[in-house]
Structures are given as structure tokens and as C-alpha cells.
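Comments concern the structure below.
The values are calculated or read from the model by the stated rules, or taken from the named source; none is laboratory data. Bear in mind the structure is a predicted one, so any value in this text is a computation, not a measurement. Note that each Cβ is placed from the backbone with ideal geometry, even for glycine, and that neighbours are counted across all protein chains shown. Each accessible area value is taken on the protein alone, full model and side chains, heavy atoms only, with ligands, DNA and RNA left out. Shrake-Rupley method; radii C 1.70, N 1.55, O 1.52, S 1.80 Å.
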Amino acid sequence: GPRLNNNQLYKFSYTTEVLVDRTKGSKEGSAGYRISSDVHVNLVWRDPSSKDDQLIKLVISNVRIESASPRSDKKNVLRGSTAESLLGKPKLAALTKPFLVHLKNGKAKGFYSYWAEPATIKNLKRGLASLLQLQLNTGKVIENDVSGRCTVEYKAVKGQVTRTKLLETCKTEETGFTTHSQTLGVSKKSSSVTVFTLEDGFIRSAVAEEIHSLAVNARRSAAAKVQSRQTLTLVGTEAGPLEAAGKDVAGVVKSVDAKLAAVGIVAEKVKSQCKGCPSVSSCSLSYTKYSLICRNTNTVTICLLIPSPLLSKATAPRSFLALVQSIRKASKDEILKVLKSASKTSLPQVVDAVTSAQTVASLDAILEFLNFTDAKGLILQERFLYACGFASHPNEKMLQDISKGKIGSTDIRESVVIIMGALVNKLCQKGGCNLPTVVQVKKMILDGPDSTQVESEVQMYLLALKNSLLPEAIPVFIKYAESEVGVYNTIALTALQRYDISLITDEVKRTVNRVYHQNRRIYEKNVRAAAADVILSSNPSYMEVKNLLLSIGNLPHEMNKYMVSKIQDVIRFQMPASKVLRQAMKDMISHNYERFAKIGSSSSFSGFMAQSADVTSTYSLDILYSGSGVMRRSVMNIYGASNGAVLHGLQVAIEAQGLETLIAATPDEGEEDLESFAGMSALLFDVQLRPVTFFKGYSDLMSKIFSMSGDPINVVKGLILLTDHSEVIQLQSGLKASAEFQGGLAIDISGGMEISLWYRESKTSINNRGALVVTGNITVDMDFMRAGVEVSFETEASLDFITTVQFSEYPFLVCIQMDKTTFPIREYVTKYESLPSGKSAVSRKSRKQLIPGSEFPLHQENSNMCKRVFDSSW
């Protein structure tokens, strides 16, 4: 390591600056500040037996704090300020007190300062001490410095050493959290490089550059960075104090100053003074019609949403995010006061926010507030459970708390078990599969299907297993894929389709093929269609594909048409199975006009919703009809792919059965004895929700038909915390930055089914309304000054999926419409600097673009059919 000369005082100039900005921002437009000072360094003691074992004294003086980039007087919050006025006399005195560093072979083995000093002051000193740490040989080592315990690479050439710190290896006490989904998550890139030049065995100059940039994966323009720079330059040398006598470091330190203590070189935690907490004025946000009400609890201002049917407006998720942040700072009693004082109409939104906060206090408060023994509280209880299912970073306590206690409603009990499966999946992804509560819940849901004969309970456990994606659940799904109950078959097969291909064994493939080809018993059409989906999505063999092709022509009419459309869609959209399909279709026996010219209205189609460098979004529509013209199953899927990860954003499935008696039609094979039923199920952001029933049984069906208004039934309505990333970034300079990225979604999904016997027409609709707001903050908040940047974007969109069927003739007329309205995308960048005195400077920029509405393209047959439907209806 570097060696200091005896009896010599080294005079350095030292600056450390920090800048925050959007990722592509220039230094001139960044927010931040620079701390400059003089630093005197001298040798206090050297081990007589080792010249590289040294105790060094450092003294900071002549401290100045100024803007890091040129500012006009109006925007310069530091104009007219001095270090003493900003830091205060006691802190400035603490900063200028001498401190000692024990260097051994160039590594900091000890850092000696005063326990009574404020943590921010000690951290600034640690940042300077860490800059003296280097080795003169090329190699990779593990070092302790202000950033933590990190792996460091050195590259030494004559007179110069470059130190590269591998920041991803740094281990610190302060850990944050992040969203488990990569598609919805945040990516971080960091670098730290220090270049030393040497003279006469010691440092002549040291320049350290450190950058941390964070970006939202789904929209990388929503990105921010914090940049830190340290510069230490030798100004001159002069005769210094004599070397102290002593046998060891501890004794010498005590002789210098008995109050000096080994306080460790790794940075201390700094408690925020909450100077930037929301206030009544900032809560109001100037929105009047659907703004916020602010209620002051004891110590924290909580912002409450005024409920509004306009959940599709960006004000709702933006206010929701502010509410979540406030709740995270509140105690259990404060949160309970807010819950109890909220109006009946605002309570669902408050429940969403309290649950999404995911603190111990918020979870305890909401569980105490909700009475699960009261069956009348279904709406609030289900909002709580769905928020748990969408939790960004759930812990064992959340799973434990929802798995215990008495439940008054059967629907809520089903939702509890289904959501427990989703929590098991998220905890296992984080390595928590062996936690006691997870093990207990796994056993319950794995044993559940065989523990009861009640159909709704078996369905509940299968849906929980579908959410859990446990490899141990695959044998259960294999068993129920071949059961005699159609709903069990469908759940088991759609669950198998969600597993990674590596887990789809030969046994799974044999089972699914037996179901499709009906080797052991007759199955409903929608079950066979689900089996075909599993086969085609699981890396099928040549013979599997050929047998699928050979089955076309021997299926019920609409099933034939569905399979032809499915295979054409796989090839057109270049899905993984398309290659082997093309090979099999070269055989004229399996691919010929007789097979592929089947008439019918069932269809399968996939397309792109959006394609960009950041994210690719696709949609698919699968519709299967019975031979009588009644819709059997309609499935809409939306997927998002980003950063190599795929997210199943939305699936809405409408199923109907046993409706042939209404139009005096003959049911298809295997469906003669089905009970009249129509229902809807939704999967949202990889979480399967509790299915909703439109009607069940003939008497229920008839009453619904005569009272049917066509009004949609709500499936999901609420506020979801999609993106949730929080971390403390310890800079090498000793300063700390906090990064908070949150994304809130207000969503309203509804579906309806309308049947007119008079006009012999049915109509199903799925309506999706939503608003998304994502904000990212990077803040450097010191006692004396706060600097930060906020990047955000928001959008409001709606997507409607309508299917109209006229079954007065065969082949019946079917028109499928999938429309999106024109929607805006607004982006904002805000940079700010403020002092405790209230003096502040803020700059804001924004831009807006409109994405034109459109009707998503489907196959040409559908376009032709829609013309006929609307011509006839006109």
C-alpha cells in the first residue's frame, strides 16, 4: 500500500459532489451540491516491524458548500449561505475535529472518531477515509469501506492505480425490497471507478466517479440517476508533527485522545427527519372533483381518496401512491383512526392502500378493522385479499395472518385459500419455501382436493394450487385432468399450461394427450380445447402434432373449426410449436383440403398490442361455440414481455354450458347432461381470482333471462400496487441516496352476458378500464439540504371485447370486436433542492402524446361476419 513519510504534513484539497437527474440529463441541469474543504494528513505511528502498518491522522478545515452546477441567483438555494449557517456550529465543529485511520497494506483496518458525533458527520469522514484505501498490485480483493463489504478489482500501471468496485457484491445492513416480477420491476446499473496517481510512494491525486441509474423495465425513459464524484488533490507538503511512540495501534490512539473510539468504517444508518412528508397543501393536488381529503392523525398526515366512479383517471392511482407512502410512516393506531373515520364510499380505496403498504402496522390494523366473521363485509374483505395476492413483497406474517381465524362467508373462504396459493408462489420465489407457515399451507392445499367431496371446495383447492405453481402439485393436476367433472379438468389443464416447459414430463404429456384424444372417456369440448393448448405450448413432438392434425375432421363441427384456427394461429404468429407443425403439415394425409376447409364460427387469434424496445405486449382471443350456436367458452389473454421475462397480465374467461334447451337444440357429444351455467373467471398479473357465477341451474337461468338488463357484472375493481422498489444507496463519499419507485394501477374489469330468445341473439362483453401511474424518486436528504429528482409517467386506457352471436341460422353469425380508445401518455420530470429553512428551487418539465384508438385486427372471416351481423341488425 501507499506509505507516508515520517514527520511530514500532506496538504490536500478535497471536494465531494452529488448530482441527481434523469438518466440522460446533463450536469448543468442536475440538482445537487458540492462540499469542498482542505484536508491535512500526517503519519501518527508506524509499526517498527512493518512499514505498511500505519496510523494516519486527517483533519478537515475550511469547509464550503455550494451548488454543483451554475445557477441563477433566483434558483440558487445556497446563495448567501455558509457552511456554518447550513450545518450549524456544533456539526461544523464535529466535522473539523481530527480523526484517525489505521491502514495496513493499503487497507483500512480501523476508523477512529467520536461516538457522540452525528451519523451524517461520521459518514462524511468515512467517505474521505475510504478514498485513501488502495493497493499497488493488480488483483481482486474483498474490502470494507463506507459502502459496505465489497469485491474490488485493482489494475496497476506505472504511477497509476485504477480501482473498480463491483457494487452488486456490496453487503450492507440496509436492505430494501423490490417487486418480484421483472416485467413490472426496476432495473439498476451501477459503476464505481477510482483513479489514483502516485508520487513519492503516496497519493498525489484520487478521482472517484460513482453512478447509480434506475429505470422502469416497462418504460425505460422513466429513469433516474444519482452521480457522486470525489476529488482529492495534493496541494503541497511541509514539515509535520513527530511520529508518536507506542507498541500497538490501540495504545497510540488512546495517547492521542482517550475519547477517540473504533466506530467502524462502514456507514451508519441515518434516520430521516421527514422534512418532506406530505402536508395538507401537497395532498390536495389541486384536484377538486375527485381530489383528496387530508386528515391529520397524531403525527402523520394521511391522504384519503374521495371515491369516484372515475377509477380510470390517473388521479386515482397517483393519489393512491401518496396514500401508501403516508401509511408506511404511520403507526397501527394512526391507521386504525383513518380506517374508522373514512366514509363508506371511500373505504374500499383505503383498504387497498393500507394492505398495499405491507408494513407490520398496516397489516395489524387492517386485520383488526375487518371482521371476517361478518358475511356482510364481503366487498372490503375481498379487496383486502386481492391486495394481498398482488403484494409486491409479501412476508410469512401476511400468509400466517390470513390463514387463521374464523370466516363467515363461503365466498371469502374460497378467496382466502386461492390467495394463499398466490402468496406461497411469491414466497417460494424469494427462497422462503421452507418457512414453517409456507410448509403448513403447502400441505393444506396439496391435500385439499382429496379431502372433500364438495365440488366448490375441490375447485377452490385446485385454483389455489394453480396460483402456487408448486412442482409438487403437478401429480394432483394430472389426476384431476382426467376426472369426471368438467370444471376440474379445465382448471387442471389450464394450470399445467402455466408451468415451465422443463416441468412438463412425459407422464404429463401422455395424460394431456389421452384427454384430447378421449382414450379413456368422453370429455367436454372446452376440456379438449384446453388439452390442445397444453400440447401445443409444451414443446410437442412430431407425432403429437401429427395426431392433432389427424383428429381434425373427426371432432364436433365447432371443435373442428377451432382446431384449424388454432393451428393456423400458431403458425402465423410463429409460436414455438410452429416449426414442428410445418414439418407435420408436409404430409398430405394430415394436412389436406378436407380437413382444413371445415366451416364454423369458433376461432383462435393472436396479435400484437404494442411493440417497443422496452416491452412487447400481445393478446389472444379464443372462442369456442357449441354446435347449436351458443358460446361455450371465450378466453381473452394479454401478455407483457420485458427484460427476458413474461407476465400474464390479464385473462378473462367466460364459460357457458347447458343452454341448448333454450333454443331446442341438440347438445354436443359428452355434454348432454350438463347443468345450465354461465360464469366468468379472471387471472390478473399472474394471480388467479375467485370465479364469478352469472347463473347456475335452469330456474336461475330463466329468472336471469327475464330480468337481464345487460349491465355488466363487476369482476375486479380496485387499486393495485404494481411496481414497488425501495432501497438506500450508500455512496462512497459518505452521502446516502434513497430510491423509491412505485407504480399504481386503478382497474375496473367487468363482464356481461345477454341472451335474446326473441331475436335469437346473444352478446357477451368484457370491459376493461384502467389508469396507470409510475413514479420514481431518487433523493439525497442530508441534515442541511435535500436534493432530488422525480420521474413519472401516467396513462389512462380502456379495452372492450364484445362478441355478438346470431343463432337464427347455421352456420350462425359471429362478430368479435376488440377496441381500444384513444389514450394519452404523459411524462413528467421534477428536480428540486430545499433547505430546512424552507428555501427551495423546483424545475418541472412534461410532455404528452396521444396514442390513437383502434380496433384490433382479427382474421378476415371475422371482418366479413361483422359486416353481415351489423347489416342484418340495421
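State yes or no: is residue 358 modelled with pLDDT of 90 or more, surrounded by 16 or more Cβ atoms within 10 Å (Cβ to Cβ) and at positive phi? Before you say what the answer is, go through the steps one by one.
Details: modelled with pLDDT of 90 or more: yes; surrounded by 16 or more Cβ atoms within 10 Å (Cβ to Cβ): yes; at positive phi: yes.
Considered against the rule, which asks whether it is modelled with pLDDT of 90 or more, surrounded by 16 or more Cβ atoms within 10 Å (Cβ to Cβ) and at positive phi, residue 358 comes out as yes.
Every residue in the range 830-874 that is acidic (Asp, Glu) and under 30 Å from the mean Cα position of the chain (by Cα), please.
Going through the range 830-874, the residues acidic (Asp, Glu) turn out to be 833, 855, 861, 871.
Passing the criteria: 833, 855.
Looking at the range 363-371, is at least one residue open to solvent by 40 Å² or more (accessible area, probe 1.4 Å), of a type in the set (D, E, K, R) and within 24 Å of residue 650 (Cα to Cα)? Spell out the reasoning first.
First pass over the range 363-371, keeping only residues open to solvent by 40 Å² or more (accessible area, probe 1.4 Å): 364, 367-369, 371.
Imposing the further condition that a residue be of a type in the set (D, E, K, R) reduces the set to 364, 368.
Within this subset, residues satisfying the condition of being within 24 Å of residue 650 (Cα to Cα) are none.
For the range 363-371, residues open to solvent by 40 Å² or more (accessible area, probe 1.4 Å), of a type in the set (D, E, K, R) and within 24 Å of residue 650 (Cα to Cα): absent.
Failed condition for residue 461, given (1) among the hydroxyl-bearing types (Ser, Thr, Tyr); (2) open to solvent by less than 10 Å² (accessible area, probe 1.4 Å); (3) assigned to a helix (DSSP H, G or I), with all others met?
(2)
Quick one: what pairs do we get from the range 399-421, first residue farther than 22 Å from residue 432 by Cβ and at pLDDT 90 or above, second in a loop (DSSP other than H, G, I, E, B) and not charged (D, E, K, R), C-beta under 7 Å, 6+ apart or different chains?
Listed by first residue and then by second, the contacts come to 412/372; 413/407.
For residues that are touching a Lys or Arg at 6+ places or on another chain (Cβ under 6 Å) and of a type in the set (Asp, Glu), scanning just the range 729-762, find the one that is least open to solvent (accessible area, probe 1.4 Å).
To start, the set of residues in the range 729-762 that are touching a Lys or Arg at 6+ places or on another chain (Cβ under 6 Å) comprises 730, 734, 748, 754.
So of that shortlist, the ones also of a type in the set (Asp, Glu) come out as 748, 754.
Values: 748: 39, 754: 82 Å².
Residue satisfying both the conditions and the ranking: 748.
Counting only residues that are modelled with pLDDT under 90 and either within 31 Å of the chain's Cα centre (by Cα) or open to solvent by 40 Å² or more (accessible area, probe 1.4 Å) (or both), how many does the range 763-781 have?
Here is the first cut: in the range 763-781, the residues modelled with pLDDT under 90 are 763-770, 781.
Narrowing the set further to residues that are either within 31 Å of the chain's Cα centre (by Cα) or open to solvent by 40 Å² or more (accessible area, probe 1.4 Å) (or both) leaves 763, 765-770, 781.
Residues meeting the conditions: 8.
Hey, can you tell me all the residues within the range 387-397 that are out of contact with any His (no Cβ under 8 Å at 6 or more places or on another chain) and either buried (at least 23 other Cβ atoms within 10 Å of the Cβ) or part of a loop (DSSP other than H, G, I, E, B) (or both)?
First, pick out the residues of the range 387-397 that are out of contact with any His (no Cβ under 8 Å at 6 or more places or on another chain): 387-391, 394-397.
387, 388, 389, 390, 391, 394, 395 - these are the residues of the range 387-397 that are out of contact with any His (no Cβ under 8 Å at 6 or more places or on another chain) and either buried (at least 23 other Cβ atoms within 10 Å of the Cβ) or part of a loop (DSSP other than H, G, I, E, B) (or both).
If you go through the range 782-791 one residue at a time, do you hit one that is acidic (Asp, Glu), touching a helix residue (DSSP H, G or I) at 6+ places or on another chain (Cβ under 6 Å) and either surrounded by fewer than 22 Cβ atoms within 10 Å (Cβ to Cβ) or modelled with pLDDT of 90 or more (or both)?
Residues of the range 782-791 that are acidic (Asp, Glu), as a first pass: 783, 790.
Filter once more, so that each one left must be touching a helix residue (DSSP H, G or I) at 6+ places or on another chain (Cβ under 6 Å): 783.
With the extra rule that they be either surrounded by fewer than 22 Cβ atoms within 10 Å (Cβ to Cβ) or modelled with pLDDT of 90 or more (or both), the set shrinks to 783.
Yes, there is a match, as at least one residue in the range 782-791 is acidic (Asp, Glu), touching a helix residue (DSSP H, G or I) at 6+ places or on another chain (Cβ under 6 Å) and either surrounded by fewer than 22 Cβ atoms within 10 Å (Cβ to Cβ) or modelled with pLDDT of 90 or more (or both).
I need the full set of residues from the range 483-504 which are surrounded by 12 or more Cβ atoms within 10 Å (Cβ to Cβ), in a loop (DSSP other than H, G, I, E, B) and either β-branched (Val, Ile, Thr) or within 33 Å of the chain's Cα centre (by Cα) (or both), in order please. Spell out the reasoning first.
At the first step, the residues of the range 483-504 found to be surrounded by 12 or more Cβ atoms within 10 Å (Cβ to Cβ) are 483, 485-499, 503-504.
Next, from what is left, pick out any that are in a loop (DSSP other than H, G, I, E, B): 483, 485, 497-499, 504.
Scanning the range 483-504 gives 485, 497, 498, 499, 504.
Would it be correct to say that residue 318 is outside any loop (DSSP other than H, G, I, E, B), modelled with pLDDT under 90 and surrounded by fewer than 18 Cβ atoms within 10 Å (Cβ to Cβ)?
On the way: outside any loop (DSSP other than H, G, I, E, B): yes; modelled with pLDDT under 90: yes; surrounded by fewer than 18 Cβ atoms within 10 Å (Cβ to Cβ): no.
Answer is no for this residue.
Taking the condition assigned to a loop (DSSP other than H, G, I, E, B), open to solvent by 20 Å² or more (accessible area, probe 1.4 Å) and out of contact with any Leu (no Cβ under 6 Å at 6 or more places or on another chain), does residue 575 pass?
So residue 575 passes the test.
Please work out if residue 349 is crowded, with 22+ Cβ neighbours inside 10 Å and either within 20 Å of residue 682 (Cα to Cα) or at pLDDT below 90 (or both).
Yes.
Could you check, for the range 321-331, whether at least one of its residues is open to solvent by 10 Å² or more (accessible area, probe 1.4 Å), assigned to a helix (DSSP H, G or I) and hydrophobic (A, V, I, L, M, F, W, C)?
yes
What are the pairs with Cβ atoms under 6 angstrom where one residue, in the range 127-140, is open to solvent by 10 Å² or more (accessible area, probe 1.4 Å) and the other, located anywhere, is modelled with pLDDT of 95 or more and basic (Lys, Arg)? Sequence gap at least six, or different chains.
These pairs meet every condition: 138/155.
Which one of these does residue 456 not meet: (1) open to solvent by less than 20 Å² (accessible area, probe 1.4 Å); (2) under 22 Å from residue 716 (Cβ atoms); (3) of a type in the set (Gly, Ala, Ser); (4) out of contact with any Lys or Arg (no Cβ under 7 Å at 6 or more places or on another chain)?
(1)
So residue 31 ticks every box in (1) closer than 21 Å to residue 210 by Cα; (2) open to solvent by 10 Å² or more (accessible area, probe 1.4 Å) but one. Which box is left unticked?
(2)
Out of 442, 426, report the one residue that is farther than 22 Å from residue 512 by Cα and out of contact with any helix residue (DSSP H, G or I) (no Cβ under 8 Å at 6 or more places or on another chain).
Values: 442 fails: out of contact with any helix residue (DSSP H, G or I) (no Cβ under 8 Å at 6 or more places or on another chain).
Unique residue meeting the criteria: 426.
Got a sec? Which helices (runs of 4 or more DSSP H) wholly within the range 522-572 have at least 2 residues that are closer than 18 Å to residue 606 by Cα and touching a residue at least 12 places away in the same chain (Cβ under 8 Å)? Give the derivation first.
On the way: elements: 525-536, 542-551, 557-572.
Ranges flagged: 525-536, 557-572.
Could you tell me how many of the residues in the range 141-160 are open to solvent by 10 Å² or more (accessible area, probe 1.4 Å) and aliphatic (A, V, I, L, M)?
4
So residue 185 passes all but one of these: (1) open to solvent by less than 10 Å² (accessible area, probe 1.4 Å); (2) of a type outside the set (D, E, K, R); (3) within 18 Å of residue 16 (Cβ to Cβ). Which condition number does it fail?
Condition not satisfied by residue 185: (3).
Would you confirm, using the coordinates I've provided, whether residue 466 is of a type in the set (D, E, K, R), modelled with pLDDT of 95 or more and surrounded by 16 or more Cβ atoms within 10 Å (Cβ to Cβ)? So that I can check it myself, show each step before the final result.
Details: of a type in the set (D, E, K, R): yes; modelled with pLDDT of 95 or more: yes; surrounded by 16 or more Cβ atoms within 10 Å (Cβ to Cβ): yes.
In short, yes.
In the range 192-217, which residues are closer than 18 Å to residue 728 by Cβ and either open to solvent by 40 Å² or more (accessible area, probe 1.4 Å) or β-branched (Val, Ile, Thr) (or both)?
Start the filter on the range 192-217 by keeping residues that are closer than 18 Å to residue 728 by Cβ, which leaves 192, 210-214.
Selection gives 211 alone.
Only one residue in 559, 563, 543 is open to solvent by 20 Å² or more (accessible area, probe 1.4 Å) and either among the aromatic types (Phe, Trp, Tyr) or more than 32 Å from the chain's Cα centre (by Cα) (or both). Which one? Reasoning before the result, please.
Details: 559 fails: open to solvent by 20 Å² or more (accessible area, probe 1.4 Å); 563 fails: open to solvent by 20 Å² or more (accessible area, probe 1.4 Å).
The unique qualifying residue is 543.
Of the residues that make up the range 425-439, is at least one open to solvent by less than 40 Å² (accessible area, probe 1.4 Å) and part of a loop (DSSP other than H, G, I, E, B)?
yes
Could you grab the pairs with beta carbons closer than 8 Å, sequence gap of 6+ or different chains, first residue in the range 371-391 and under 27 Å from residue 180 (Cβ atoms), second one open to solvent by less than 30 Å² (accessible area, probe 1.4 Å) and among the acidic types (Asp, Glu)?
Sorted first by the residue in the range 371-391, then by its partner, the pairs are 383/352; 387/352.
Can you tell me how many residues within the range 218-244 are open to solvent by less than 60 Å² (accessible area, probe 1.4 Å) and not in a strand (DSSP E or B)?
3
Out of (1) more than 30 Å from residue 390 (Cα to Cα); (2) of a type outside the set (Lys, Arg); (3) at pLDDT below 75, the odd one out for residue 695 is which?
Condition (1) is where residue 695 drops out.
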